[in-house]
Amino acid sequence: MQNNCKTLDEFIGVQLQILRLKQNLKRIDLANLLNVTTEQIRKYELGKNRLTAKALYIISYNYNVDMSFFFENLNKTKILNKKQDLQDQPVSRLKKLLNIH
């Protein structure tokens, strides 16, 4: 399945929505699991807010999917070449701080 996401957050959000629908879950089910609002789940699914590693782990554990599910079919050249995502990369920031090229 290919989607036209502009950011990695959008891609993971789409994967979250796919998982939710495959598992016949409502947003309230995920909201209760993560102790957030259904609006927050909607924002995760749209890629407007970023899911934490902890949230991805909790979802993966509770719905019996590998965390790699959220990155399946990721087309790196389409998404990770976007300037915003590259700037968000902690490794690149760390390299700058340490003056590593």
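Only the coordinates and a few stated rules stand behind these numbers; no lab work does. A quick note: this is a predicted structure, and the numbers were derived from the prediction, not measured. Every residue, glycine as well, gets a Cβ built from its backbone with ideal geometry; the counts of neighbours run over all protein chains shown.
Structure notes:
- Within region 23-50, the set of residues being assigned to a loop (DSSP other than H, G, I, E, B) and without any contact (Cβ under 8 Å) to a residue 40 or more places away in the chain comprises N24, L25, K26, N35, V36, T37, K48.
- Options K48, K54, K26, K43: the member that is closer than 19 Å to C5 by Cα, surrounded by fewer than 15 Cβ atoms within 10 Å (Cβ to Cβ) and of a type in the set (D, E, K, R): K48
- If the condition is being among the β-branched types (V, I, T) and under 10 Å from the mean Cα position of the chain (by Cα), then region 13-43 contributes only V14.
- Positions within region 44-65 being of a type in the set (D, E, K, R), more than 11 Å from the chain's Cα centre (by Cα) and closer than 14 Å to R20 by Cα, in sequence order: none
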